[in-house]
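One structure is given below, encoded as structure tokens.
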Amino acid sequence: MSVLVYTENEGGNFKKAAFEVASYARAIAKMLGTTVTAVSIGADQNEELGVYGVDKVLHVQNDKLGTFNAKAYTDVLKQAAEKEGAKVIVISSSADSKFIAPLLAVHLDAGYASNVVALPESASPFTVKRTAFTNKAFNITEINTDKKVIGLSNNAFGLHEDKVDVKVESFDPALSDNDFTVEVTSVDKATDKVSIADAEIVVSGGRGLKGPENWGMIEDLAQVLGAATACSKPVSDMGWRPHSEHVGQTGKPVASNLYIAVGVSGAIQHLAGINASKVKVVINNDPEAPFFKAADYGIVGDAFEVVPQLIEKLKEFKANNA
Amino acid sequence: MKILVCISHVPDTTSKINFTEGDTKFDTNGVQFVINPNDEFGLTRAMWFKEKQGASVDVVNVGGVETEPTLRKALAIGADNAIRVNTEATDGFYVAKQIAKVVEEGGYDLVIAGRESIDYNGGMVPGMIAALTGANFINTCIGLEIEGDTATAIREIDGGKETSKAKLPLVIGGQKGLVEESDLRIPNMRGIMMARKKPLTVKEPADVQNETKAVKFEKPAPKGEVTLIAPDNIGELVDLLHNEAKVI
């Protein structure tokens, strides 16, 4: 009957999103008067989950699962949910979790709500608040199946420590050849950069930067903040930056704690894509740029003068607060 | 190869979003509807398979008669046949069930759907179709090649990409990258004329129960005024981000 949560790791270390979904699962378990069981596939420090209220970890160690495989991971989660009699399954909004969730929902006959931003408003009927219209609105969704899959938006709930005694159990679900009919042949991942999905801070550049040769200061700013870099649609369409950096309605959604836009005018599609970010800063020389209406803090000024100064001030700040 | 492209009928990306009937319904007044952008990238890739590899391309939408102009646009771009399942698209699971039935009846080898629609952003229909029909599934797909009965697909992952191989039948959750923005096609006059004569079949829906229900909509709270900082006083921004916003 416990709440099941899928806690992802990267190279054996839990992602921050894993602690966030664990915190969320803990809060739901309290609402429902039950416990939290996490599924951990190949993580090293499973006890860390106890800090966020996970009572039991089902730890899966299987060489075949060394690389993410949606079908096989779905089967693991399905068997874990059945073993625990879980009615509520919580997952993150990572690319992998969003890949698994609809498969898992069908296999468990569970209703699925994605992009959920808050705790259920009520447990009966089970209603959750989620984003819709690419962050231009919220939608209250009622899930009316016995089992429910909830996809939590990144950074929507935050980390909440609630330390409990955690029990780590090894879990060895039976996997069949049918779980591996999609064969991953290569993975190409930048390990030295923060990805937009995982980032707490995102620094984004627009057409105001005039050309790809001027991105050095965006990267420097991102580096001093430990941020991911992003760009507006015209910038990716012109080939100044890779598509993977395009954020906005048809690109990637951003739900960071801090979003800094440099030389981005703020087209409605761009603002929709980044609207879930908590604090927005805009630097633009045009005081009429629509982004100023969406931002919390703004500087009207020349990016080529403002950004280098901002980098210096941030370095000073870091030196003083180290 | 038989390809089915799922076409969602969505408000244009520049639309103002409003709600009516006590915030329970999307206000379509004055809204221009388009092919869901994630679907359009997939449709354009399907055209490539048609032209280079002789595939047939059908399009499907689950919706009322008001979605037919969007399906006609897909025909004008080059799809061969359109199917409309005549019912209101009320829930991702419900839509996936309707499309799964079309897939099984039509014996499609490849189903291309957008990774999500830009209205409800459910992100569940492609995966659910795959699970319901027993096909392989690759989400957030940014590259797709088919050779015989084997697909090679590139998937966007957090911070990179991943290549995988799978046998048909296959379902793809597609997005930009399947083709480039500049590859998208604006229907020409000949395409529009031909689209009028192409078959658009209306099917009655399968009897399926919803699993979820959108009970209400809300707009984000209005935003406060922006705090402007003088360009010669950048230190103040760092101070505000640290002490007021508490994000650094």
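Quick look at the numbers
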quantity: Hey, A:ALA137 within 12 Å of chain B (Cβ to nearest Cβ) and within 24 Å of A:VAL54 (Cα to Cα) or not; calculated: no
quantity: Qualifying positions in segment B:140-156 - crowded, with 23+ Cβ neighbours inside 10 Å, within 12 Å of chain A (Cβ to nearest Cβ) and not small (Gly, Ala, Ser); calculated: B:THR140, B:CYS141, B:ARG155
quantity: Segments classed as strands (runs of 3 or more DSSP E), wholly inside segment A:154-217, with at least 1 members that are out of contact with any Pro (no Cβ under 6 Å at 6 or more places or on another chain), under 30 Å from A:SER232 (Cα atoms) and β-branched (Val, Ile, Thr); calculated: A:182-189, A:201-205
quantity: Counted residues, segment A:285-312 - those being more than 7 Å from chain B (Cβ to nearest Cβ), β-branched (Val, Ile, Thr) and either surrounded by fewer than 20 Cβ atoms within 10 Å (Cβ to Cβ) or without any contact (Cβ under 8 Å) to a residue 24 or more places away in the chain (or both); calculated: 1
quantity: Residues within segment B:234-248 that are among the charged types (D, E, K, R), under 13 Å from A:GLU200 (Cβ atoms) and in contact with a helix residue (DSSP H, G or I) (Cβ under 9 Å, 6 or more places away or on another chain), tallied; calculated: 0
quantity: Boolean, A:VAL282 is buried (at least 21 other Cβ atoms within 10 Å of the Cβ), more than 25 Å from B:GLY177 (Cα to Cα) and either at the interface with another protein chain (Cβ under 10 Å from one of its Cβ atoms) or modelled with pLDDT under 95 (or both); calculated: yes
quantity: Exclusive hit being of a type in the set (Phe, Trp, Tyr), surrounded by fewer than 18 Cβ atoms within 10 Å (Cβ to Cβ) and in contact (Cβ under 8 Å) with a residue 60 or more places away in the chain, set B:PHE41, B:PHE26, B:PHE19; calculated: B:PHE19
quantity: Which numbered condition A:LYS147 misses (of (1) farther than 24 Å from B:ILE129 by Cβ; (2) more than 9 Å from chain B (Cβ to nearest Cβ); (3) out of contact with any His (no Cβ under 7 Å at 6 or more places or on another chain)); calculated: (1)
quantity: Residue identified as buried (at least 22 other Cβ atoms within 10 Å of the Cβ) and either within 22 Å of A:ALA18 (Cβ to Cβ) or within 19 Å of the chain's Cα centre (by Cα) (or both) among A:LYS78, A:LYS98, A:LYS129; calculated: A:LYS98
quantity: Strands (runs of 3 or more DSSP E) (entirely within segment A:1-88) containing at least 2 residues that are among the polar types (S, T, N, Q); calculated: A:36-41
quantity: Where A:ALA267 falls short, out of the listed (1) under 30 Å from B:ILE157 (Cα atoms); (2) surrounded by 21 or more Cβ atoms within 10 Å (Cβ to Cβ); (3) aliphatic (A, V, I, L, M); (4) more than 7 Å from chain B (Cβ to nearest Cβ); calculated: (2)
quantity: Candidates A:HIS59, A:HIS107 - the one that is touching a helix residue (DSSP H, G or I) at 6+ places or on another chain (Cβ under 8 Å) and in contact (Cβ under 8 Å) with a residue 60 or more places away in the chain; calculated: A:HIS59
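The values are calculated or read from the model by the stated rules, or taken from the named source; none is laboratory data. These numbers come from a predicted model, not from an experiment. Note that we place each Cβ from the backbone using ideal geometry, even for glycine, and neighbour counts take in every protein chain shown.
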